[in-house]
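Values in this text are rule-based calculations from the coordinates and carry no lab data. What you see is a predicted model, and the numbers here were worked out from it, not measured in a lab. So basically every Cβ, Gly included, is an ideal-geometry build from the backbone, and we count neighbours across all protein chains shown.
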Amino acid sequence: MTRLWTGKGDDGTTGLLYGGRIPKSSARIEAVGALDEAQAAMGLARAETAQGSELDIILIGLERDLWVLMAEVATGSEHHSKLVEGQTLVTSEMVLAVERAIVDLGSRFELPAEFVVPGQDRTSALLDLARTVVRRAERAAQPVLREGSHALPFLNRLSSLLWTLARWAEGEPLPTRTR
């Protein structure tokens, strides 16, 4: 059986992408952890949707985009030149794709004019939860990102998209996953 641990982190450090070790309590690792939680929260919302539905497909794509963002955050400054656009480095095109999704979905229904109380249904509540975790990840990532990174705009738009998806889910009877 393959061992699922290395023991290298027993000293309170963790490895970065492309090398180097830093304390698990560092701001960079806090940001990676918050992004990991955001991805998991989106996965929880996705678990409520029908496999292959439009919402399922959107969320899978966004979860994969978060892998790219986590790779960027988990790379030390000295290895930034090794990042690959769209694979380990967030691009402006990724931000634009999220913006287009917000516009597309927002054009399909009337957006609320007042504050929204989350919890109209399970799917929208989970999308709102994911949105709040993304906002926390955005705050955590800000101090560790390089100037000019597209990661913060991506996270900012992602939270707006999750809000829009939650409102869309409230107004549309979305198919749920069958077990």
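Its Cα gyration tensor gives the chain an equivalent ellipsoid; the semi-axes, largest first and in whole Å, are 31, 19, 14.
The helix-only estimate of mean residue ellipticity at 222 nm for the chain, built from DSSP H runs of length n ≥ 4 each weighted as -39500 (n - 2.57), is -18500 deg cm²/dmol after division by the residue total. Across Leu161, Leu16, Leu59, mean-square fluctuation computed from a Gaussian network of the chain (C-alpha pairs under 10 Å connected) peaks at Leu16. Close amide H partners of Thr14, meaning residues 5 or more places away or on another chain with modelled amide H under 5 Å apart, are Ile22, Lys24.
Given a 10 angstrom Cα cut-off, can you work out which residue in Glu138, Glu72, Glu147 is the most mobile in a GNM of the chain? Highest fluctuation of the listed residues: Glu147.
When the chain is treated as a GNM with alpha-carbon contacts under 10 Å, the residue of Ser160, Ser107, Ser149 showing the greatest mean-square fluctuation is Ser107. Annotation for the range 1-67: chymotrypsin sites (Phe, Trp or Tyr not before Pro) lying in DSSP loop with at most 12 further Cβ atoms inside 10 Å of their Cβ are Trp5.
When each full DSSP H helix of the chain is screened for a Cα extent of at least 27 Å along its own axis and an average Kyte-Doolittle hydropathy of at least 0.0, the helices passing are 27-46, 54-73, 151-171. Sparsely packed loop sites in the range 71-133 (the trypsin sites (Lys or Arg not before Pro) outside DSSP H, G, I, E and B with at most 16 other Cβ atoms within 10 Å) comprise Arg108.
For the chain, the relative contact order is 30 percent, taking Cα pairs closer than 8 Å that sit 6 or more residues apart in sequence and dividing their mean separation by the residue count.
For the range 1-68, the set of trypsin sites (Lys or Arg not before Pro) satisfying both a DSSP loop assignment and a count of at most 12 other C-beta atoms within 10 Å is given as Arg3.
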